[in-house]
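The values are calculated or read from the model by the stated rules, or taken from the named source; none is laboratory data. Just so we're clear, the structure is a prediction, and the values are computed from it rather than from any experiment. Glycine gets a Cβ as well: all are built from the backbone with ideal geometry, and neighbour counts include every protein chain shown.
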Amino acid sequence: MPTLGFLPRAPRVALAASFFLTLALGPAAGSVFAAGPAGGRQQVTRLPATVKLGGVSYTDARGQFAQLGYKSSYSPDAGALTLSSGASEVVFTVGSREAKLNGLRLFLGEPVELYKGSPVVPTIDLDRLILPILRPSRVGRNAIRTIVIDAGHGGTDSGTLNQARKLNEKTFTLDVAKRLQALLADGAWKVRMTRTDDRFVELSDRAEFANNAKADLFISIHFNAVAAGSDVRGTETYVLTPQFQRSTSSAKSGPEDKVAYPGNRHDSRSAILGYHMHRQLLAKLKSEDRGYKRARFAVLRLVNCPGVLVEAGYLSNNGEAAKIANANYRGDIAEALFAAVQAYDASMGLPPKAP
Ligand SMILES: [Zn+2]
C-alpha cells in the first residue's frame, strides 16, 4: 500500500464540479417558491446559497433543487425533506448521513443539518454525488474504449471466507469477472483483466495495470464478510471518497480527507457509475440494500479513470453464501454489472459526432 506522502496532489476536480457550484451560487436572488405538501405553493425562506456549519460547507437544498425544477416538501416532525421532479426523487433526513435516491440508500459525507429552520445538505455531496447522478448529461461524456475488470484478491490472499461451507472470496470474484468479461467482450469495448487465474496481485499493481492499459472504466469485484454467524447480508457499492470529505465508515474527519488522489479527478463520473452499479445489482439480485457508500480503497484512489468497487453479497451469511456459490446467481451478478456499464454509457448522452 502506498503511503499518502508519495501520492501526487491531483488538481481539484474542476469542470463538472465548478459547473454545479456555479449553479449553486447562481442567480438565486428573490424568493424561492416550492410546492408544499398539499400541492399549494409556499414561500421558502431564502437562505444564502451556501453556509458553513462546523467547518463544513452546506447548500440550501430546497433552493438548489427548486432551480432544477424539483418540488419540495418538508416534514419538520420527521425531519424529512422530499425533493421530486417526477422522474427522480431524493429524500434527506435532518441529522442523518443516510439519504434515499430513487429508492436507493445513499450515504452522505456529513449529516443533513437544519439552518434557520431549513434543511441544508453538504455541498460536496450535492456537487460530487447527487447532482452528477441526477444530471449526468452535464458531466461530459466518458468515451469508453477500454474497461478493466479487477477480480478481488487471489493466490495467497483468499479474501473473505465462509469457513462452514469452505468458500473463498477469490474464487467467486474471478468467476464473476470472467462472466462480465464475456458479456462486455461482445460490445465495442476492449476488456482487460487484472488477473485471469488464481494469483496474488498487489493492490497498487492492479491500479497501475489499469492506468497502463489506459482504462476508461475500472470495475473491482468483491464479496463481503463479517463475523461468522452474523445475519448481515446484502449488497454494497463503493466509489472513492471526494477530497475534503470523510469516508462512510469514518466516525470523524482525519488528515487523509484532505488529500486529492488521482481517482478524485473522476469523482462525478464515478458517482454516476456507482449509482448504476448499485441500482442494477439490487434490481437483479433482489438483495438487501446495504447502501451506496464511499471509501478510499487503494484501487479506487490510484486509478486514472472512473472506478467502482462492488461488494455483491456477504459470504459470511450462510443463506447469501449459498446463493453466491450458485453459478446462475454469479451469472446474474455479472449481468447486473454489464447492464450498469450500458446504463452508465447511455446516461451521458449521445457519442460525440465524428469529425
Ligand atoms: Zn474483497
Subset tally (residues that are within 25 Å of ALA271 (Cβ to Cβ) and within 16 Å of the ligand (Cβ to nearest atom)) for the stretch 208-238
12
Condition met for LEU114 (of a type outside the set (Ser, Thr, Tyr), more than 28 Å from ARG265 (Cα to Cα) and assigned to a strand (DSSP E or B)):
yes
Checking ARG141, ARG165, ARG179, ARG128 in turn, the sole residue that is more than 16 Å from the ligand (Cβ to nearest atom), surrounded by 15 or more Cβ atoms within 10 Å (Cβ to Cβ) and assigned to a loop (DSSP other than H, G, I, E, B) turns out to be ARG141
If you go through ILE324, ILE272, the only one that is among the β-branched types (Val, Ile, Thr), surrounded by 21 or more Cβ atoms within 10 Å (Cβ to Cβ) and touching a Lys or Arg at 6+ places or on another chain (Cβ under 8 Å) is ILE324
Evaluate the stretch 259-276: report whether one residue or more is out of contact with any strand residue (DSSP E or B) (no Cβ under 8 Å at 6 or more places or on another chain) and part of a loop (DSSP other than H, G, I, E, B).
yes
Looking at the stretch 151-178, I want the residues that are on the phi > 0 side of the Ramachandran plot and have a partner that is part of a helix (DSSP H, G or I) and near the ligand (Cβ under 10 Å from one of its atoms) with Cβ atoms under 7 Å, at least 6 apart or on another chain. Which pairs are those?
HIS153/GLU169; HIS153/LYS170; HIS153/THR173; GLY154/LYS170; GLY159/GLU169; GLY159/LYS170; GLY159/THR173
Condition first: within 17 Å of ILE144 (Cα to Cα) and either within 16 Å of the ligand (Cβ to nearest atom) or in contact (Cβ under 8 Å) with a residue 40 or more places away in the chain (or both). Now tell me which residues in the stretch 188-206 satisfy that.
TRP189, LYS190, VAL191, ARG192, MET193
Please verify whether ASN318 is modelled with pLDDT under 95 and assigned by TED's automatic domain parsing to the domain that holds THR171, treating the condition exactly as stated.
yes
